[in-house]
1. Can you tally the net charge around residue 182? Count Lys and Arg as +1, Asp and Glu as -1, for every other residue whose Cβ sits under 12 Å from the Cβ of residue 182.
2. What does the C-alpha gyration tensor say about the overall shape of the range 2-136? Classify as rounded when a/c is under 1.5, otherwise prolate if a/b is larger than b/c, or oblate.
3. Give me the one-decimal nm value for the distance between modelled label points at residue 111 and residue 222, 7 Å along each residue's Cα-to-Cβ direction.
4. In terms of the Cα gyration tensor, with a ≥ b ≥ c the square roots of its eigenvalues, is the range 139-281 rounded because a/c is under 1.5, prolate because a/b exceeds b/c, or oblate?
5. At 0.36 nm per residue, and after removing the present C-alpha to C-alpha distance, how many nm does the segment from residue 154 to residue 186 gain when stretched out fully?
6. State the percentage of accessible surface on the chain attributable to carbon and sulfur atoms; use a 1.4 Å probe and exclude ligands, DNA and RNA.
7. Specify which residue in the list 270, 121, 35 is farthest towards the positive end of the charge dipole of the chain, using unit charges on the beta carbon of Lys, Arg (+1) and Asp, Glu (-1), about the Cα centre.
8. So if I place +1 on the C-beta of Lys and Arg and -1 on the C-beta of Asp and Glu, and nothing else carries charge, what would the dipole magnitude of the chain be about its Cα centre? I want it in debye, nearest 20.
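The values are calculated or read from the model by the stated rules, or taken from the named source; none is laboratory data. Everything numeric here is computed off the predicted structure, so don't read it as measured data. A quick note on method: Cβ atoms are made from the backbone with ideal geometry, for glycine too, and the neighbour counts reach across all protein chains shown. The protein model used for the area step is the full one, side chains on, heavy atoms only, and it has no ligands, DNA or RNA in it. Shrake-Rupley method; radii C 1.70, N 1.55, O 1.52, S 1.80 Å.
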Amino acid sequence: MRLRVIDSHTEGEPTRVVIDGVPTPSGATVAERAASISRDLDALRRGLVLEPRGSDILVGAFLVPPDPGSGAEIGVVFVNNAGVLGMCVHGTIGVVRTLQHLGRTSADPGTQVRIDTPVGTVTATVGEDGEIAVENVPSRRTLAGVRVELDERVVHADVAWGGNWFALVSDHGEAIDPANLPRLDDLSRRIRRALNDAGLDRGADGTSGPVDHVELFGPPARGGDSRNFVLCPGGAYDRSPCGTGTSAKLACLAADGTLAPGERWVQESIIGSRFTGWYRPGPAPGEIVPTVAGRAWITAETELLFEPDDPWRGEGWNPERTTDHEPPPTEHRGHS
Ligand code: PYC
């Protein structure tokens, strides 16, 4: 099997777009196609994003037809090392940069691309300087200042939706610095476990959570408004400032009344890359419609090969999930 892919990175975080070689996942809508990828094409997801052809930090993108009647040009389903993602802003910027590279959309300023995702339609707009701004799905904070008791400290978490569910924590006392990654990783995992185990991530309406991303904030170091560390569902951390996480942050700032509609918020990542975010009021009370802007660059245009006798041709190997490095059983080998 051969998969034609184009790799890019958005502010340091990689995206791999599948251009050719996969069947169109079944379903009438992008949400149904996302369910079909989860159900029927999971070995393909693992072969695409995991070692040895990918890595834990890679986000894959399957291009699919848009929802009937949505008016969008294209649909996309994002996947990572843990499964299917609801939405991914860095990945959307990577997809648009890839479509520009292929000549399927213009790189001219003002060009807009409407994209259906499993959680709603987003609109990407090309800026003057090559920046791509993604107007994301409506976002909201569902819980504020949830007390989370850990062994050695107490922190307070907001829970917010920005296309994925986030716990956002500022009073953790840790340096948001690459030198401190092991502690940030460990703390974020414990916060996520504590919230989910106790059901503390559920809003009064029962709609929120489970939280699968954790976002820790600290002071900026490159002239932005804040710096973050973001733990993703499969245990990797986001090298970009995480666009759905920035959307969740904007929802919290709006709910607190500390950022006005249209005002800019510059979110730095743990590696010092930056997204600029702003919002307009959303369709429902308490909702905002966030826009997050950043840049992406093409890094590779290649074919992934899956030889029939390769024991890891479709299974991939995820160090997060297993310590068993033996080849997977034959019946679990990859999609063909
Ligand atoms: O940019 O939304 C994002 C994202 C989600 C997971 C990794 N990046």
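1. On the way: positive: 183, 189; negative: 174, 177, 185, 186.
Once positives and negatives cancel, what remains is -2.
2. Details: a/c = 1.80, a/b = 1.25, b/c = 1.44.
Taking the square roots of the gyration eigenvalues as a ≥ b ≥ c, the range 2-136 is oblate.
3. Here the answer is 2.5 nm between the modelled labels.
4. Values: a/c = 1.69, a/b = 1.08, b/c = 1.57.
Oblate shape, in that a/c is at least 1.5 and b/c is the bigger or equal ratio.
5. Gain on extension, residue 154 to residue 186, equals 10.0 nm.
6. On the way: 6530 of 13500 Å².
Of the solvent-accessible surface of the chain, carbon and sulfur hold 48 percent.
7. Farthest along the dipole direction, towards plus: 121.
8. Values: 32 positive and 47 negative charges, 84 e Å.
The calculation lands at about 400 debye.
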